[in-house]
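Comments concern the structure below.
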Amino acid sequence: MNASGMFGPIKESSLDMLPRKKRDAISDLLIRTAVNNWDRTDGSFIFEMRGETCKATLRDTWNDNQELSVRVEIGKYDLYVSGFFYPSEKKITHTDPRGKRELAEKFL
């Protein structure tokens, strides 16, 4: 029905149809990749992953290298993840990813 074209494409935003494990994997992968590609000088930068251009925004939340705030966007509202990365523990906390299912599944 999404691609039927009868009334135009349905705009997806929630990825709740995916199991929790897959949603977590998408967020973890994009956030971890953004952190690994960050040069620590620019707050925003672009990187490419699996043929998609990703725009990342990172900042040290408290300027003590204990918590990094991370946002990754692909396209304009095509896929969006946000969360926090804790360098000392290499731990990620995040919200559910939002966007188009077809694009999100490229990152599984």
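Listed here are the residues, each with its yes/no results for (1) in contact (Cβ under 8 Å) with a residue 40 or more places away in the chain; (2) under 15 Å from residue 107 (Cα atoms); (3) aromatic (Phe, Trp, Tyr); (4) touching a Cys at 6+ places or on another chain (Cβ under 8 Å).
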position	(1), (2), (3), (4)
16	yes, no, no, no
26	yes, yes, no, no
30	yes, yes, no, yes
34	no, yes, no, yes
43	no, no, no, no
51	yes, yes, no, no
59	no, no, no, no
64	no, no, no, no
69	no, no, no, no
Requested in this report: Specify the residue that is modelled with the lowest pLDDT; the eligible residues are those in the range 55-108 that are of a type in the set (Phe, Trp, Tyr) and not in a helix (DSSP H, G or I).
Outcome: 77
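If we keep just the residues of the range 73-90 that are of a type in the set (Asp, Glu) and closer than 17 Å to residue 51 by Cβ, which is surrounded by the fewest Cβ atoms within 10 Å (Cβ to Cβ)?
My answer is 78.
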Report task. May I ask you to list the residues in the range 83-104 that are without any contact (Cβ under 8 Å) to a residue 60 or more places away in the chain and closer than 12 Å to residue 26 by Cβ? Result -> 83, 103
Query raised in the report: Within the range 43-62, which residues are over 18 Å from residue 84 (Cβ atoms) and loosely packed, with under 14 Cβ neighbours inside 10 Å?
Result: 46, 48, 50, 51, 53
Report task. Residues being within 15 Å of residue 101 (Cβ to Cβ) and either modelled with pLDDT under 95 or assigned to a loop (DSSP other than H, G, I, E, B) (or both): count how many of those fall in the range 1-43. Result -> 14
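Looking only at the range 23-42, which residues are surrounded by 14 or more Cβ atoms within 10 Å (Cβ to Cβ), among the basic types (Lys, Arg) and out of contact with any Pro (no Cβ under 7 Å at 6 or more places or on another chain)? Working first, answer last.
As a first pass, look at the range 23-42 and keep what is surrounded by 14 or more Cβ atoms within 10 Å (Cβ to Cβ): 23-35, 37-38.
Filter once more, keeping what is among the basic types (Lys, Arg): 23, 32.
The answer is 32, and nothing else.
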Report summary line: Taking the range 21-43 and keeping only residues that are of a type outside the set (Val, Ile, Thr) and more than 14 Å from the chain's Cα centre (by Cα), one is left with 21, 38, 39, 40, 42, 43
Report summary line: Filtering the range 69-88 down to residues that are closer than 11 Å to residue 32 by Cα and more than 12 Å from the chain's Cα centre (by Cα) yields 85, 86, 87
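The values are calculated or read from the model by the stated rules, or taken from the named source; none is laboratory data. The structure displayed is predicted, hence computed values, not measured ones. Methodologically, a virtual Cβ is constructed for each residue, glycine included, from the backbone with ideal geometry; neighbour enumeration extends over all protein chains shown.
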